[in-house]
Ligand SMILES: Nc1ncnc2c1ncn2[C@@H]1O[C@H](COP(=O)(O)OP(=O)(O)O)[C@@H](O)[C@H]1O
Ligand SMILES: [Mg+2]
């Protein structure tokens with residue numbers, strides 16, 4: 001695999017996804033569609049919080065999870081990775097959709113979803129076939145691909161470990177969109193392979209008990225903080241991201 005990655009060079013192949021794109025970028029990808037908006041500013045500010053943390057410890061692979069589906073993991077991860085690519089054009093940024101059950105990165109970005117991570121994990125393709133540059137940005141993307149029969153098993157495999165190891169060597173910052181924590185073991189398994197996790201909490205929706213349970217389920221994986229999604233500008237001492245509805 002290592003050699004194949006080498007051949008993929010800087011991981012930004014010439015193919016530009018814009019050409020084959022069947023759909024438009026979701027308007028909630030504000031880092032791209034409305035970079036001057038307050039919402040995009042919040043993702044930038046989240047990014048700079050991570051940058052400050054990077055002064056204290058390495059944070060190459062950052063995972064984004066939440067207790068339940070629909071709390072804003074995908075929207076957060078995509079915007080965060082785009083904010084990273086804009087803020088530091090000299091760094092190699094990768095967005096990975098590791099939600100093999102309901103991967104939505106491809107849909108949100110309006111790009112084709114296959115082949116994706118699950119095709120790599122079941123041996124149907126090589127890493128170099130997966131990594132695509134997103135439009136004219138400095139962000140590379142790996143989509144989730146088709147849903148495997150045993151998503152947890154696929155993500156827990158040695159192949160996934162190897163994949164992350166290689167990806168660490170070739171990218172400076174990797175943002176991984178994870179499945180929800182409560183219903184599946186996936187995030188706990190992958191969480192331990194990241195350098196840190198962001199826990200998305202949907203304002204006025206996620207019950208506090210669910211957040212506690214999710215943290216427990218993550219079993220000691222490094223949690224960097226919470227991202228409060230969909231909140232009004234207000235309180236909380238956590239690492240947070242306020243995005244108005
Ligand atoms: N801050 C927000 N404001 C408005 N809608 C949002 C916000 N965050 C997420 N959404 C919407 O909520 C839904 C779930 O978000 P998504 O990122 O797909 O959640 P998850 O990945 O956690 O399942 C999507 O329709 C998304 O567009
Ligand atoms: Mg999602």
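Every number in this text was worked out from the coordinates using simple rules, so none of it is lab data. Here the structure is a predicted model, which is why all the values come from computation and not from measurement. Cβ atoms come from the backbone with ideal geometry, glycine included; neighbour counts cover every protein chain shown.
Below is a table of values for the structure above.
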quantity	calculated
Cα gyration tensor shape for the stretch 89-179, rounded if a/c is under 1.5, else prolate or oblate	oblate
Inter-label distance, nm, simple model (7 Å from Cα along the C-beta direction), residue 24/residue 56	4.2
Computed lengthening from residue 48 to residue 216, 0.36 nm per intervening residue step minus Cα-Cα distance	57.8 nm
For the stretch 165-211: span of alpha carbons on each principal axis (Å, largest first)	39, 21, 13
Modelled FRET efficiency - R0 22 Å, residue 147 with residue 192, Cβ distances, 0.05 increments	0.45
Rounded, prolate or oblate (a/c below 1.5 giving rounded, otherwise prolate when a/b exceeds b/c) for the stretch 2-229 by Cα gyration tensor	rounded
By average C-beta atoms within 10 angstrom, highest first, the peptides 183-191, 59-67	59-67, 183-191
Packing-based exposure ordering (other Cβ within 10 Å, fewest first) of 73, 112, 165	165, 112, 73
Per-pair calculated FRET efficiency, R0 = 30 Å: residue 87 and residue 159 via Cβ, rounded to 0.05	0.40
Equivalent-ellipsoid semi-axes of the stretch 23-148, from the Cα gyration tensor, Å, largest first	23, 17, 15
Packing-based ranking, highest mean first, of 96-106, 80-90, 218-228 given that Cβ atoms within 10 Å are counted	96-106, 80-90, 218-228
